[in-house]
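Visitor: One structure coming up, written as structure tokens, with questions to follow.
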Amino acid sequence: MDAELQADRAALADTVRRFAESEIAPNVQAWDDAGEFPRGLYTRAAELGLLGLGYPEELGGTPASYSLKLPAWVALARHGRSGGVLASLFSHNIGLPPVVLHASDAVRREVVPPVLRGEKIAALAITEPGGGSDVAALRTTARLEGDHYVVNGEKTFITSGMRADWITVAVRTGEGRGAGGISMLLVPGDAPGLARTRLSKMGWLCSDTATLHFDNVRVPARYLLGHEGEGFRMVMGNFNGERIGLAAGALGFSQACLDEALAWARERKAFGAALIEHQAVRHKLVDMQMRIASTEAWAEAVSAEGDALEAAGRHNAPEWVAQICMLKNHATQTMQFCADQAVQILGGMGFMRGTASERIYREVKVMMIGGGAEEIMKELAARQMGWL
Ligand SMILES: Cc1cc2nc3c(=O)[nH]c(=O)nc-3n(C[C@H](O)[C@H](O)[C@H](O)COP(=O)(O)OP(=O)(O)OC[C@H]3O[C@@H](n4cnc5c(N)ncnc54)[C@H](O)[C@@H]3O)c2cc1C
């Protein structure tokens, strides 16, 4: 890694750490209790350039490689200690890429800059009540009538679903069946006929998650992204960035658990000695560090490979996609292990609301399911490696 990239990574991660420590971590418990965080956090993150990271300059962003972004996402998770904040604050990172890549120039200019300024919220809606893993089976329809699409159906478990101003929705157009009949349509949040129901969850409590109901929602045809029938490919391509982000978050949350457990083990006394002086306790901490180190090394390697492939114009290279799938599983398993061990080391305190470990213990399951469940990641990895 060259010296300039190293310096940029350190500077960005430091900015993120200060933001997360001062403006996220102290408020997370209150935001979780309230079921949402203030909209002002979007504008604050935008001022620091975090919302625009990885987007084209002409749309108000700052282009960034995977290697530059990785330590920033890890720091946000490690020091912010809230998956709920990350999920909603950065839901545009799953909702906007199809707009940036496939919308007309006029639509990109209308939609993207206000989101990157933190004034509007973007979300992605693929999952339906009938199923999420089998994307090719989705049933929400969009029928072209003159210069509008008319959308009918339901989406569920949608992050930022209650507040989103723009929703990138996977729909079935025309007579197409299976993967070939799927298209991506950008739906304005204020479209008549769109209704939202808030969902209550095990974790990510301050993230607004919703079911969206589309009842003859009329959407101008100019909001179709790309062409009809191209949606499945867009959805699959979009998953790469999301899964690397989830792996980076899982790594940061694992580190947050280790930070908290290590501090507690040094301070707490039992049987006349600090917990860390008991061999069984410090061995748990070493086991956590061991898994964190392997996850970090793999995440760095996958990021560097992604940058090299992009530079060579090889997007979605199968061997890289397989690595991402396995990395996501490894990182979330590391997070699960670290959360479990940290709660154990904290003892009764680890069961109390307000500790990072307690929150992360509840949040890990969604990391193992969202963005592609563990079983689906294994299937995809096997296929991308050419084993089937
Ligand atoms: C808090 C939260 C936020 C979310 N945010 C969003 C969002 O913003 N946008 C969005 O579109 N979706 C979102 N999701 C949905 C998420 O992506 C889906 O939950 C996920 O893809 C799994 O789909 P499902 O829940 O329908 O499970 P199903 O597809 O019904 O699967 C259930 C179980 O069966 C397993 N399974 C399914 N098929 C196979 C198979 N062939 N072989 C082996 N095992 C299999 C799965 O791995 C899983 O364990 C969110 C979910 C949660 C919980």
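Visitor: Only one residue in 54, 80, 40 is more than 16 Å from the ligand (Cβ to nearest atom), within 17 Å of the chain's Cα centre (by Cα) and surrounded by fewer than 22 Cβ atoms within 10 Å (Cβ to Cβ), so which one is that?
Guide: None of the other options fit; the residue is 54.
Visitor: Residue 274: closer than 26 Å to residue 387 by Cβ, more than 20 Å from the chain's Cα centre (by Cα) and without any contact (Cβ under 8 Å) to a residue 12 or more places away in the chain, yes or no?
Guide: In short, no.
Visitor: Answer with yes or no whether residue 242 is of a type outside the set (S, T, N, Q) and either without any contact (Cβ under 8 Å) to a residue 40 or more places away in the chain or closer than 30 Å to residue 316 by Cα (or both).
Guide: yes
Visitor: Another question, if that's okay. Looking at (1) in a strand (DSSP E or B); (2) more than 16 Å from the ligand (Cβ to nearest atom), can you tell me which one residue 210 breaks?
Guide: (2)
Visitor: Give just the number: which of (1) of a type in the set (Phe, Trp, Tyr); (2) at negative phi; (3) within 15 Å of the ligand (Cβ to nearest atom) does residue 204 not satisfy?
Guide: (2)
Visitor: For residue 106, are the conditions met, namely being away from the ligand (no atom under 16 Å from the Cβ) and either assigned by TED's automatic domain parsing to the domain that holds residue 372 or of a type outside the set (Ser, Thr, Tyr) (or both)?
Guide: yes
Visitor: Related question: If residue 112 meets every condition in (1) within 16 Å of the ligand (Cβ to nearest atom); (2) under 22 Å from the mean Cα position of the chain (by Cα) apart from one, which number is that one?
Guide: Tallying (1) within 16 Å of the ligand (Cβ to nearest atom); (2) under 22 Å from the mean Cα position of the chain (by Cα), residue 112 fails exactly one: (1).
Visitor: Could you tell me which residue of the range 171-193 is farthest from residue 121 (Cα to Cα), considering only residues that are within 16 Å of the ligand (Cβ to nearest atom) and among the β-branched types (Val, Ile, Thr)?
Guide: Looking at the filtered set, the residue picked out is 182.
The values are calculated or read from the model by the stated rules, or taken from the named source; none is laboratory data. These numbers come from a predicted model, not from an experiment. Backbone-built Cβ (ideal geometry, glycine too); neighbour counts: all protein chains shown.
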